[in-house]
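Q: Before anything else, here's the structure in question.
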Amino acid sequence: MPLSTQSQADDEQYVLVASMDNARNLSNILKAITFKDQAIFSATPNGLKVTVEDSKCLQANAFIQAEIFQEFTIKEDLVGFQVNLTVLLDCLSIFGGSTVPGVSTALRMCYKGYGYPLTLFLEEGGVVTVCKINTQEPEEPIDFEFCSNNVTNKVILLSESLKEAFSELDMTSEVLQITMSPSQPYFRLSTFGNSGNAHYDYPKDSEMMELFKCTKTQTNRYKMSLLKPSTKALALSCKVSVRTDIRGFLSLQYLVRNDDGQICFVEYYCCPDEEVEEE
Amino acid sequence: MNCLLEGNGVKVFGKALHALSRIGDALWLDPTVKGLALRAVNSAHSAYACFLFSPLFFQHYSLGSGSEQGSGSVNCKLLMKSILPLFRCLTSIERNVERCQISVSTPSDRVVVQFFCRHGITKTHNLRFQESEALQAVFASHLCPNVLKAPARLLCDMVMHFPSSQEEITLSVTPLRVSLTNYCEEGKDPMRTMYTEMSLHPDEFDFFQVGVDLDLTFCLKELRGLLSFAESHSLPVSVNFSTAGKPVCFSVEDVVLEASVVLATLMDSESRGPSQPAETLAPVTSRCADAAVLLVGSCEADSGEPRCTPAVMDLVASSQGSPIISPPPLMLPLLQIDEPNGLGELGEACASLTTTPASSTICSLLFNALSSEQDSDGYDSRLPVLACYSDGEESMEEDHTGSPSL
């Protein structure tokens, strides 16, 4: 592969070099969080984290561990920059995103450090394209202070059962209400739209419910417009964990298997619209 | 009202809703002792559909709790866009839904549709409804002298040849032949219009009873829903009609359900050949069919274009050979009713309808309790009303509670 024969000397100048034989393993997961143009990239020796935020109320993170990459070299403890995610995705699919088996775009992503553009070397069928995307000073991602100790309710559902519900959600409803309780209705998604309201109930003993740990009855509402983008992550995932903490903050964690069967994670954090403590 | 559908019944119910959604934006849910009737009507009141599910169709069917008065429970009017999305994806319903319960909750003004799905998942939808009088079209299809009956497959194959954008088609019947042709609107350059004609021999029909040569022009779009429903159930479709200008009824039935679509048809211009405008003006009578003639007739005086009926002509393949068709104007004349005279005549004609005996209502589509809508919409000159209807003031026959019977 032409990319891997680049001289060692070139590599010296980069603080981050990440290579993938199939760029789709990166682009697919990034599509799950592309609801805003700007994304914050944070690379550590563990791997790559890409963060997208909306109105200080919603944060989505995609984690691609170092092991997913064929090559992952990082010279600092933390390398961070901000790029236009839409442009990045366009570059990753610059060869047209063909789905012919056996044909894939190889990627080599390189970054020289602060002030330098993000350089992408993309190769398919012997043709190499070089893209340089301008980077910006990374903004500090919001810390939602969501910690496991404060989690009141947690369920893990097989995505298949939620996918249909999410695609059918009444979009005329401004909010999505999530009720989690140790008693009936256990786990309920509700919408309040123009035609009326709808409730989707998942019992704790359903085969779709892999884990059910609810300690307290809680009902929280979240803006539909904020949560709707998470449908993309849901579509890619096989399992999702739904957690709420004592403040009513929501954490959705999606387990995504890529083309090669490797596991990546996407998570969404969302602030409640208003806290409704159930009696 | 409370009913429970199981598995396949949910899918059939959904298909019925899809067919009804082709007709109008609102759904009338009328529970009766005979079963649950789902009805729709289009805004022009020229198409009406009714699906009647007998109590046998349901795993459980009950009308109302003891506290509710009378024979039944509430008649509901729902927006199609509230209920159709619940049944939009029939394949996923087939895969996931085990049972569906539909009930009407009067205290909260809600129709509750509850899906009991695989894996213990329950989906509950509480839909707002408006209380309403039952929607009825009084149309005695069994009194129609002409009847065709064919497998749905045959009719679907026939209409398949017409593009989905084709609004109206003409069904021409003679004792020897049945053909479907597309109806060309006046104003369209005949040289630019593609003309399609399909003919069938009476032998292809399961039942064929035709007395006279007739051309019936009606809206195809509104019929497609029923045809697709009939095809998915392999049910034969009966077509009952009398003459042009009077409604045509397409219906299917099996042990547990009856469905029908009643469509207004275009008033026939005259008996074959170009006519003098004066001849088509009929005296004001109590028959609303004649009122429809009147409607078209008064506009003929304005247009003065040659009029000929599209059917019964042998159309030669080459454009040189085929006659130029200027069929009776459909929409155009109604748009021309601007002069007070036109409205006055119509008003007179329809005013006289309020005293018509029941028998003369055979030719019209009558709707209960739509009077408020009629006042605002009914005689709007923009609406192409093909069949006249009377105001709901006179008491409608109470025994016509079901769908038009076959």
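Just so it is clear, none of the values below were taken in a lab; they were calculated from the coordinates. Note that the structure is predicted; figures quoted are calculated from it, not measured. Glycine gets a Cβ as well: all are built from the backbone with ideal geometry, and neighbour counts include every protein chain shown.
Q: Work from the charge dipole of chain A (Cβ charges, +1 for Lys and Arg, -1 for Asp and Glu, about the Cα centre) and give the residue of A:N25, A:N61, A:Y116 farthest towards its positive end.
A: Working it through, the farthest residue towards the positive pole turns out to be A:N25.
Q: Over the stretch A:170-279, what is the relative contact order in whole percent, taking alpha-carbon pairs under 8 Å and six or more residues apart?
A: Here the relative contact order equals 23 percent.
Q: How would you classify the stretch A:151-270 from its alpha-carbon gyration tensor, with a ≥ b ≥ c the square roots of the eigenvalues: rounded for a/c under 1.5, else prolate if a/b is greater than b/c, otherwise oblate?
A: Oblate.
Q: For a quick check: sort A:C238, A:C110, A:C271 by the number of other beta carbons within 10 angstrom, fewest at the front.
A: Numbers: A:C238 12, A:C110 23, A:C271 20.
The most exposed by this proxy come first: A:C238, A:C271, A:C110.
Q: How many partner chain Cβ atoms sit within 10 Å of a residue's Cβ in peptide A:184-197, on average, as a whole number?
A: Numbers: counts 0, 2, 1, 1, 2, 1, 1, 1, 1, 5, 4, 13, 15, 6.
Mean inter-chain Cβ contacts per residue within 10 Å come to 4.
Q: In addition: What is the mean number of Cβ atoms from other protein chains located within 10 Å of the Cβ atom of each residue in peptide B:99-107, rounded to a whole number?
A: Numbers: counts 0, 0, 0, 0, 0, 0, 0, 0, 0.
Mean shielding count: 0.
Q: A further question on this structure: 222 nm [θ] for chain A, helices only, -39500 (n - 2.57) per DSSP H run of 4+, per residue, to 500?
A: When only DSSP H runs of four or more count, the value is -4000 deg cm²/dmol.
Q: Sorting check: for B:19-25, A:49-55, which peptide has the highest mean count of neighbouring beta carbons within 10 Å, and how do the rest follow?
A: Result, highest mean first: B:19-25, A:49-55.
Q: Let me confirm one metric for peptide A:201-209, namely the mean number of other chain beta-carbon atoms within 10 Å of its residues' beta-carbons.
A: Per-residue shielding by partner chains comes out at 4.
Q: A further question follows. Over the stretch B:1-129, what is the relative contact order in percent, taking alpha-carbon pairs closer than 8 angstrom and at least six residues apart?
A: Once normalised by length, the contact order is 30 percent.
Q: Above 17 Å lies some portion of the pair distances; for the stretch A:12-136, what is it as a whole percent of all C-alpha pairs?
A: Here the tail beyond 17 Å accounts for 55 percent of pairs.
Q: Exactly which trypsin sites (Lys or Arg not before Pro) in the stretch B:169-242 are in a DSSP loop and have at most 13 other Cβ atoms within 10 Å?
A: B:K188
Q: How far, in nm, would the chain grow between A:A235 and A:T119 when pulled straight, counting 0.36 nm per residue and subtracting the alpha carbon separation?
A: 38.8 nm
Q: Separate question: Can you give me the relative contact order of chain A as a percent, contacts being Cα pairs under 8 Å and 6 or more apart?
A: Rounded, it is 19 percent for chain A.
Q: Which FRET efficiency, nearest 0.05, do B:S105 and B:M198 yield, Cβ-Cβ r, R0 60 Å?
A: Details: r = 49 Å, r/R0 = 0.81.
Efficiency, from the Cβ-Cβ distance: 0.80.
Q: In addition: I need two numbers for chain A: Rg to one decimal and Dmax as a whole number, Cα atoms only, in Å.
A: That works out to 20.4, 67 Å for Rg and Dmax.
Q: Which residues among the stretch B:204-234 fall inside the zone where the amide N is under 12 Å from a point 7 Å beyond the Cα of B:D157, along Cα→Cβ?
A: B:204-205
Q: Using only the Cα atoms of the stretch B:114-221, what do you get for the radius of gyration and for Dmax, in Å?
A: 20.6, 61
Q: Just in the stretch A:88-137: which chymotrypsin sites (Phe, Trp or Tyr not before Pro) are loop by DSSP and have at most 12 other Cβ atoms within 10 Å?
A: A:Y114
Q: State the extension gain, in nm to one decimal, for the chain segment bounded by A:Q136 and A:K112, taking 0.36 nm per residue of separation less the distance between their alpha-carbons.
A: Working: separation 24, 0.36 × 24 = 8.64 nm, distance 1.31 nm.
Extending this stretch completely gives an extra 7.3 nm.
Q: On to the next question. So which of B:K81/B:K149; A:K223/B:K11; A:K56/A:K204; B:K11/B:K34 end up more than 26 Å apart, counting from Cα to Cα?
A: Where the Cα-Cα span goes over 26 Å, the pairs concerned are B:K81/B:K149; A:K223/B:K11; A:K56/A:K204.
Q: May I pose another question? Treating only the Cβ of Lys, Arg, Asp and Glu as charged (+1, +1, -1, -1), what charge dipole size does chain A show about its Cα centre? Round to the nearest 20 debye.
A: 220
Q: A further question follows. Highest mean first, how do A:24-36, B:202-214 rank when packing is the count of other Cβ atoms within 10 Å averaged over residues?
A: A:24-36, B:202-214
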